[in-house]
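Have a look at the structure below before the remarks.
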Amino acid sequence: MNYLWIALRLAWKNYKWSILLSFCFSFAVGILWGANIGAVYPFAQVIFKGQNLHQWSAQELETAQIAIEKSEKQIAELSLKGEDSQSEIDIENQMISSWRSRIATVESTQPYIDAYAPKSPFITLLYLVAFLAIGTALKCLCLAMSMTLVSRVAFGLTRSLQLQFFDKVLDSKLGQVQSKDTGDTTARLGGDVGAVGGAVQILLGKSIREPIKMFTCLIGAAYINWRLLILSLLVCPIAAFLLILLAKSIKRTSLRVMEVNGSLIGFVIQVMQGYHVVKAFGNEELEKKRFEEKTYQVYCQQMKLVTYGALVRSNNEMLGIGMVCLSLVAGGFLVLNQETHIFGVRLAEKPMDFAGIMTFYALLIASADPIRKLGDVYGTIQAGIAGAERVFPLLEEEPTIKDPDNPVSLPSGDIVFNDVTFRYNVNVPVLEGTQLTIRQGERIALVGPNGCGKSTLINLLLRFYDPASGSVTIGGVDLRDAKQEDLRSRIGLVTQNTLLFNDSILENIRYGKIDATDAEVFEAGEMAKVDAFVHSQTPHGYYSYCGESGNSLSGGQRQRVAIARAILRKPEIFIFDEATSQIDLESERLIHAAFDKCVGDKTAILVTHRPAALELVDRIVVMNEGIVEAIGTHQELLESSTTYYELYREETVKDRNTDQRAA
């Protein structure tokens with residue numbers, strides 16, 4: 001519940017006036033609801049007897065005076081019997097006090113009745129009908145305003161939480177191995193945040209309106225007979241106890257529903273991304289079976305939640321009917337027998353009349369309707385609590401990678417990995433005391449077997465992670481002392497797993513520099529050899545859409561678009577992480593031909609095994625098992641490094657076979 005209170009405080013901070021106004025309108029709804037129900041009394045007491053208010057007030061005064069005289073006479077008779085009749089005398093005195101209070105009430109309204117009340121019973125009826133119609137119209141207007149304002153708060157809060165959550169997701173993926181899959185994150189961003197917004201909408205809407213309506217009616221019923229009301233409420237403790245028992249189950253099941261929904265969404269995303277693999281290996285039936293199991297888990301949890309919700313609703317229904325049944329039995333006995341006591345327990349100060357008991361029943365039944373509606377409220381609030389417990393802990397997490405309080409400007413200069421140690425897993429070292437200097441303007445290649453730490457060096461340079469020990473510096477400044485934006489604005493990155501957005505080729509290239517002109521985009525595309533296919537193999541040239549994840553383009557075409565994106569950025573440092581791995585040899589040669597023009601005098605780091613790419617660099621760094629094993633030129637390493645020689649030989653054989661197949 002604490003996290004839901006955080007959401008409410010956030011809503012109050014941003015939408016204070018909307019909440020206050022909605023509360024005022026909700027209060028008006030409750031008062032008008034009780035007033036409309038209270039109109040039963042004049043209908044039963046006045047109109048149905050063919051009276052007007054003048055006649056009713058006169059009759060009330062006469063009835064009260066007769067009752068007082070009767071009680072006084074009874075007291076006089078009881079006084080003659082001695083002390084044994086004292087309890088009966090006390091009862092009669094209480095009745096006299098009650099009737100005198102009734103006289104005072106009627107006399108206080110007498111001037112208004114004389115001044116404004118119509119003489120005709122039918123006109124009085126019209127006045128009452130008009131009161132009901134106007135009261136109902138005002139209630140509907142206030143209800144609409146309350147619901148609109150509360151929805152504004154809830155939807156605004158949901159949007160605010162989604163923005164914060166998305167921002168946190170962008171930060172939290174840095175510096176740590178992710179344990180939460182895409183489906184879980186998507187479910188939290190959509191369903192869980194939505195559940196928090198729904199709970200806030202209920203808390204500020206129904207949770208305020210319905211209790212006000214209920215308490216208004218209960219106050220009216222208490223005014224008529226508070227003792228009978230207390231008797232009617234004896235079932236409340238039982239209902240409250242059952243509600244508490246259901247609370248934990250509803251919250252736990254709501255949390256489980258969110259988890260299995262996230263798992264289902266993640267499964268669907270995974271299958272859609274690996275669609276061609278599923279089809280190629282003929283595993284459609286396997287995936288259908290897995291999907292069936294996932295949906296069955298969702299179904300079971302949702303049915304449990306519905307069952308608990310039905311139990312809550314039934315509990316509240318039984319509470320309402322229990323209240324009415326108790327009052328029907330007790331009130332009926334009091335009216336039919338004109339008594340004030342049941343089993344010696346005083347339940348009325350004076351005998352109740354038909355109009356009074358009917359109005360009491362109407363108010364009690366009217367208070368049961370909000371109780372019934374609050375059954376739906378309870379389940380929604382529990383779901384919101386569960387959603388808040390999945391959303392706010394992530395929002396409160398401190399990012400692993402964050403800017404220093406007083407960042408320094410990052411100069412141009414040499415890149416130095418100084419005795420760097422790093423591990424993704426505590427038990428598995430990736431880098432151990434790595435020492436490497438990349439001079440400004442130098443072009444180097446990082447080579448080595450898979451898992452030797454090449455990509456980890458790139459991740460540390462981009463500050464996607466921080467080293468466990470040692471430091472990474474540019475121009476002598478530790479990257480942890482500079483702003484991340486300052487660092488990454490100087491780097492142009494092209495990775496092996498190229499990601500393109502479902503937008504035009506033009507906009508995908510422009511992603512490298514958002515404010516670039518079309519002419520700058522076209523120039524970068526020409527340098528990256530995008531022109532070699534964009535005009536001849538796409539329907540609308542640079543304005544052609546890439547499709548989801550770039551699936552409208554081939555692997556080589558996607559990588560050329562990604563290279564153009566990096567070129568457009570005009571960075572100080574180029575990083576090509578297996579950037580030509582999916583490009584055919586002819587395209588690779590075209591890109592290599594433009595390499596000098598693209599990079600110029602900038603620093604360039606190539607993570608590659610391609611023999612042709614190795615000819616473009618000044619030095620080659622050979623890595624093996626997390627350490628720098630050798631550094632030198634291509635020819636030097638062929639002679640001095642067994643690891644390099646084997647890698648080069650394997651790639652040369654692979655390229656030769658590719659050329660032969662192409663021929």
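Assorted remarks:
- Exclusive hit being assigned to a helix (DSSP H, G or I) and at pLDDT below 80, set Val257, Val200, Val271: Val271
- Pairs where the first residue, in region 307-319, is assigned by TED's automatic domain parsing to the domain that holds Thr380 and the second is of a type outside the set (Lys, Arg) and outside any helix (DSSP H, G or I), C-beta under 8 Å, 6+ apart: none
- Region 475-496, residues that are part of a loop (DSSP other than H, G, I, E, B) and either in the same structural domain as Gly441 (by TED's automatic domain parsing) or farther than 26 Å from Arg589 by Cα (or both): Gly475, Gly476, Ala482, Lys483, Ser489, Arg490
- Cross-chain or 6+ apart pairs with Cβ under 8 Å, region 102-120 first and assigned by TED's automatic domain parsing to the domain that holds Pro351 and more than 22 Å from Met352 (Cα to Cα), then surrounded by fewer than 10 Cβ atoms within 10 Å (Cβ to Cβ) and at pLDDT 80 or above: none
- Residue match in region 467-482 (condition: among the β-branched types (Val, Ile, Thr), closer than 24 Å to Val426 by Cα, touching a residue at least 60 places away in the same chain (Cβ under 8 Å) and crowded, with 17+ Cβ neighbours inside 10 Å): no
- Scanning region 397-428 for residues that are of a type in the set (Phe, Trp, Tyr) and surrounded by 14 or more Cβ atoms within 10 Å (Cβ to Cβ) gives Phe417, Phe422.
- Residue check for Arg390: among the basic types (Lys, Arg), in contact with a Lys or Arg (Cβ under 9 Å, 6 or more places away or on another chain), at pLDDT below 90 and not in a loop (DSSP other than H, G, I, E, B): yes
- Residue within region 258-270 that is closer than 30 Å to Ser26 by Cβ, in contact (Cβ under 8 Å) with a residue 40 or more places away in the chain, surrounded by 18 or more Cβ atoms within 10 Å (Cβ to Cβ) and in the same structural domain as Ala355 (by TED's automatic domain parsing) present: yes
- Ser544 being modelled with pLDDT of 85 or more, polar (S, T, N, Q) and in contact with a helix residue (DSSP H, G or I) (Cβ under 8 Å, 6 or more places away or on another chain): yes
- The listed residues are Gly322, Gly332, Gly379, and the only one of them that is out of contact with any Pro (no Cβ under 7 Å at 6 or more places or on another chain) and crowded, with 21+ Cβ neighbours inside 10 Å turns out to be Gly379.
- Check on Ala524, surrounded by fewer than 18 Cβ atoms within 10 Å (Cβ to Cβ) and outside any strand (DSSP E or B): no
The values are calculated or read from the model by the stated rules, or taken from the named source; none is laboratory data. Every value quoted in this text rests on a predicted model; they were computed, and no experiment measured them. We place every Cβ from the backbone using ideal geometry, glycine too, and count neighbours over all the protein chains shown.
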